[in-house]
Every structure is written in structure tokens, then in C-alpha cells.
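The next block holds one structure in the form of C-alpha cells; read it before the comments.
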Amino acid sequence: MHAPAPVPAPVLASRRRTLAIDVLRYDPQAPASQPALQRYLLEEVDGMTLFIALNEIRERQDPTLRFDFVCRAGICGSCAMVVNGRPRLACRTLTRDLPDRVVLAPLPFFDLIGDLSVNTGKWMRGMSERLETWIHEREREVDITRIEERMEPELAAAIYELDRCVECGCCVAACGTARMREDFVGAVGMGKIARFRLDPRDTRDDGDYYELIGDDNGVFGCMSLLACHDVCPKSLPLETWIAFLRRRMVLQAADPFPSGG
């Protein structure tokens, strides 16, 4: 049996797709601006991501197109956007996994800067300050010679897993409760609380955490639709964190003074 003849280069080239990328354009700072889809046609190349495609469009077709990026490696979370109705990171989304027509829109819920650019940092900062997402230690004099207490590897790994969140905002953008409650802390906020609840260096107890998230803007506002879990680009076990905190908060609500105080 003879080996198949190699495919001529012109035939290979003809198999490349032309992508139709429709971007929702809108400038909230321009009074005359109206939200509208603008189409860009782009030839797909091997290994192309949406990040590459958008940069190609901005460099060669439309320098006014606005979107965010920093790391290009799925670490900063800046390039999150809605891709065909689903929140994703542009730098982690291969165009070969998408249809010929791609519709891009900014993440909902967050303040819109323009086009695909939103201000997730403002909301994340406010949420972190509200939930006091830093280690609360007992007051003591600073001792630079003090060696931190040893932590079991399993516990350190569990805390590290919670620290992998890149605050991209995808989980909040996909959340049904966030659409109804602007003060809802979302899976990202509850993940931060779970992280410090596990950390033995943090001196807060369940009562302190209950004050932060023991209401409808916290664990009891979650409708358990698990959209946050489905869209997380880091594949974090968000539903496990929320279930863990909900159990702790239910116990706290049932017995706010477990020690008899």
C-alpha cells in the first residue's frame, strides 16, 4: 500500500477559517455612544487564542478597540470577557474550540470602562476591605527573629488551592444572585473567607466570620446554581468552599455561643 500523497500547500492554506468576531462596542463616557455589535473578519492561524485575535484586530484593523490584558498566561485575570454567552479568559480560549462566529461582550456586574474593558479591580478591592481578607493575628511585639510555626503539608496545600484564585470576576459575572444583590460577595469572596478559616494563623472564630458572610449577601444568598464553578478558568472547587462555609454558618446560627459564653 502506497503512502498518501502530501497535500499541496495551497490546499492546506484554503482550509484556514475566516472568523467573524462581533464585539459589543460602547463608550459610557461618550453621550452619543450607543451599544452596538461591530464585526471584524480575521483569518485563523494555528494556536490562535482570543487574546491573539483581539490584538491582531487592534493592531491591523481598529486601534480604538478596548480590552484588558497583562500576563497573557491566565494568571492576572485581566482579559476576562463574555464569549458566546459564557465568561472566559481570552488568553486561555483557543479559537479552534469556537464556531466561525464569535460574539464578545464585557463582563456584566462590574463598572464598564469601554467595549470589553471593565473595572474588576474596584469591586475586588472593596470586597477585600469589607471581608478583611488578611491574617488577623494576636497583638504582640514585632520580633524579626521569630520563626513561624510549622504547618502540615496537607493544610498548606489546601490553603494554596484557595490562593490560586486570580480574581478575574468570571464567577461573579455568571452568578444569578449577583444580578439581584449588588452587595453579594460572590464565590470569590467566600473563597477568601474559606482560605482564612483554614489558616491556623488567623485568630478569628466562626462568630467573626458569621458577621461577615452569615446573611443573604454571603453564604445564605447563594442559590447553589453552581454557575461560578462551571466558568472558573482555574477549575477551583468553588461549590466545595461554599458548602463548607454554609455548614459552619448554619452551626453558628443555631448556637451563636457554643462555648456557653
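The values are calculated or read from the model by the stated rules, or taken from the named source; none is laboratory data. All values reported here derive from a predicted model rather than from experimental measurement. Note that each Cβ is placed from the backbone with ideal geometry, even for glycine, and that neighbours are counted across all protein chains shown.
What is the one condition in (1) closer than 29 Å to GLY186 by Cβ; (2) among the β-branched types (Val, Ile, Thr); (3) modelled with pLDDT of 95 or more that VAL70 does not satisfy? Single failed check for VAL70: (3). Filtering the range 69-77 for residues that are surrounded by 13 or more Cβ atoms within 10 Å (Cβ to Cβ) and assigned to a helix (DSSP H, G or I) leaves an empty set.
Would you call GLU152 modelled with pLDDT under 95, out of contact with any helix residue (DSSP H, G or I) (no Cβ under 7 Å at 6 or more places or on another chain) and closer than 16 Å to MET124 by Cβ? Lay out the reasoning, then the answer.
Values: modelled with pLDDT under 95: yes; out of contact with any helix residue (DSSP H, G or I) (no Cβ under 7 Å at 6 or more places or on another chain): yes; closer than 16 Å to MET124 by Cβ: no.
Judged against the criteria, GLU152 is not a match.
Given the criteria surrounded by 19 or more Cβ atoms within 10 Å (Cβ to Cβ) and of a type in the set (Lys, Arg), does ARG88 qualify? Against the criterion (surrounded by 19 or more Cβ atoms within 10 Å (Cβ to Cβ) and of a type in the set (Lys, Arg)), ARG88 qualifies. Could you identify the single residue in MET124, MET190 that is part of a helix (DSSP H, G or I) and modelled with pLDDT of 95 or more? Among MET124, MET190, only MET124 is part of a helix (DSSP H, G or I) and modelled with pLDDT of 95 or more.
Let's see how each residue does on (1) more than 12 Å from CYS170 (Cα to Cα); (2) touching a strand residue (DSSP E or B) at 6+ places or on another chain (Cβ under 6 Å); (3) among the charged types (D, E, K, R):
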{"residue": "ASP68", "(1), (2), (3)": "yes, yes, yes"}
{"residue": "ASN84", "(1), (2), (3)": "yes, yes, no"}
{"residue": "ARG96", "(1), (2), (3)": "yes, no, yes"}
{"residue": "GLY114", "(1), (2), (3)": "yes, no, no"}
{"residue": "THR120", "(1), (2), (3)": "no, no, no"}
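The listed residues are GLY218, GLY207, and the only one of them that is in contact with a Leu (Cβ under 9 Å, 6 or more places away or on another chain) and not hydroxyl-bearing (Ser, Thr, Tyr) turns out to be GLY218. Of the residues making up the range 236-247, none is of a type outside the set (Val, Ile, Thr), crowded, with 18+ Cβ neighbours inside 10 Å and either at positive phi or in contact with a strand residue (DSSP E or B) (Cβ under 6 Å, 6 or more places away or on another chain) (or both). Tallying residues that are on the phi > 0 side of the Ramachandran plot and of a type in the set (Gly, Ala, Ser) within the range 63-113 yields 3.
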